[in-house]
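Reading through the structure tokens given below for one structure.
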Amino acid sequence: MSRHIVAKIGDIPLNGSKLVDVRGRQIALYHVKGEYFALADRCPHEGGSLCAGRLVGKLTSRMPGSYDISRPHEFVQCSWHGWEFDVRTGQSYCDPDSIKARTYQVTVEPGADLAKGPFVAETFPVTVEDQYILVEL
């Protein structure tokens with residue numbers, strides 16, 4: 001599995017998204033409640049952009065005319081047909097038994113740790129103050 005630096009922490013606003021390209025793969029990154037998630041940008045229904053879709057909450061109803069919204073901003077609606085996917089798991093809520101958006105593992109690591117790497121070379125003192133978002137393929 002290879003790791004790729006795709007963004008800095010400040011690049012994705014809270015409850016926002018960012019489209020990145022990793023080795024020719026379009027990946028939608030999401031920042032929800034201080035956590036980061038990644039889904040393949042193509043909706044498995046008909047290929048619409050998930051990154052261009054809206055982040056919404058889970059809507060449930062106990063009876064007609066009454067509804068509750070939970071898990072705000074944890075579901076993305078496909079920009080073409082509105083199919084909804086859980087950003088944590090990729091699970092479809094339109095066809096949960098057979099359709100799921102591809103997910104990627106995301107980690108946040110300090111730049112200083114990334115600069116260390118497994119390499120041996122002449123070194124110079126460097127400080128890195130930002131944190132970066134990584135996606136594993």
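The values are calculated or read from the model by the stated rules, or taken from the named source; none is laboratory data. Bear in mind that the values here come from a model prediction, so they are computed numbers and not experimental data. Note that each Cβ is placed from the backbone with ideal geometry, even for glycine, and that neighbours are counted across all protein chains shown.
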Inset, instruction - Starting from region 25-40, keep only residues that are touching a residue at least 40 places away in the same chain (Cβ under 8 Å), then list their pairs with residues that are among the hydroxyl-bearing types (Ser, Thr, Tyr) and in a strand (DSSP E or B) whose Cβ atoms are within a distance under 6 Å, requiring at least 6 positions of separation or different chains. - result: 28/17; 30/17; 37/30; 38/104; 39/103
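This table checks each residue for (1) of a type in the set (A, V, I, L, M); (2) farther than 14 Å from residue 14 by Cα.
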position	(1), (2)
29	yes, no
36	no, no
47	no, yes
53	no, yes
56	yes, no
70	no, yes
77	no, yes
83	no, yes
88	no, yes
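So which of 46, 35 is more than 14 Å from residue 106 (Cβ to Cβ) and among the acidic types (Asp, Glu)? First the steps, then the outcome.
Working: 35 fails: more than 14 Å from residue 106 (Cβ to Cβ).
Residue meeting the stated conditions: 46.
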Inset, instruction - Quick one: in region 94-108, of everything that is outside any strand (DSSP E or B) and within 17 Å of the chain's Cα centre (by Cα), which residue is surrounded by the most Cβ atoms within 10 Å (Cβ to Cβ)? - result: 101
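To keep it simple, each residue is scored yes or no on (1) modelled with pLDDT under 90; (2) among the aliphatic types (A, V, I, L, M); (3) within 23 Å of residue 30 (Cα to Cα).
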site: 79; (1), (2), (3): no, no, yes
site: 86; (1), (2), (3): no, no, yes
site: 89; (1), (2), (3): no, no, yes
site: 94; (1), (2), (3): yes, no, yes
site: 107; (1), (2), (3): no, no, yes
site: 120; (1), (2), (3): yes, yes, no
site: 126; (1), (2), (3): yes, yes, no
Legend entry - Among the candidates 47, 65, 82, 57, residue that is over 22 Å from residue 5 (Cα atoms), surrounded by fewer than 16 Cβ atoms within 10 Å (Cβ to Cβ) and in contact with a Pro (Cβ under 8 Å, 6 or more places away or on another chain): 57
Inset, instruction - Determine which member of the set 134, 29 is in contact with an Asp or Glu (Cβ under 8 Å, 6 or more places away or on another chain) and surrounded by 13 or more Cβ atoms within 10 Å (Cβ to Cβ). - result: 134
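Of the residues 53, 57, 65, 47, only one is more than 19 Å from residue 132 (Cβ to Cβ) and in contact with a Lys or Arg (Cβ under 9 Å, 6 or more places away or on another chain); which? Reasoning before the result, please.
Values: 53 fails: in contact with a Lys or Arg (Cβ under 9 Å, 6 or more places away or on another chain); 65 fails: in contact with a Lys or Arg (Cβ under 9 Å, 6 or more places away or on another chain); 47 fails: in contact with a Lys or Arg (Cβ under 9 Å, 6 or more places away or on another chain).
Answer to the selection: 57.
Kindly indicate the residue of region 32-44 that is of a type in the set (A, V, I, L, M, F, W, C) and buried (at least 19 other Cβ atoms within 10 Å of the Cβ) and also nearest to residue 77 (Cα to Cα) among those meeting that condition. Explain how you work it out, then say what you get.
Going residue by residue through region 32-44, those that are of a type in the set (A, V, I, L, M, F, W, C) are 32, 37-40, 43.
Keeping just the survivors that are buried (at least 19 other Cβ atoms within 10 Å of the Cβ) gives 32, 37-39, 43.
Details: 32: 15, 37: 15, 38: 14, 39: 12, 43: 9 Å.
If we take residues in region 32-44 being of a type in the set (A, V, I, L, M, F, W, C) and buried (at least 19 other Cβ atoms within 10 Å of the Cβ), then 43 is nearest to residue 77 (Cα to Cα).
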Inset, instruction - Identify all residues within region 16-56 that are of a type in the set (Asp, Glu), assigned to a loop (DSSP other than H, G, I, E, B) and under 10 Å from the mean Cα position of the chain (by Cα); write none if there are none. - result: 41
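Within region 1-26, count every residue that is acidic (Asp, Glu) and surrounded by fewer than 13 Cβ atoms within 10 Å (Cβ to Cβ). So that I can check it myself, show each step before the final result.
We begin by selecting, within region 1-26, every residue acidic (Asp, Glu); these are 11, 21.
Filter again for surrounded by fewer than 13 Cβ atoms within 10 Å (Cβ to Cβ), leaving 21.
Result for region 1-26: 1.
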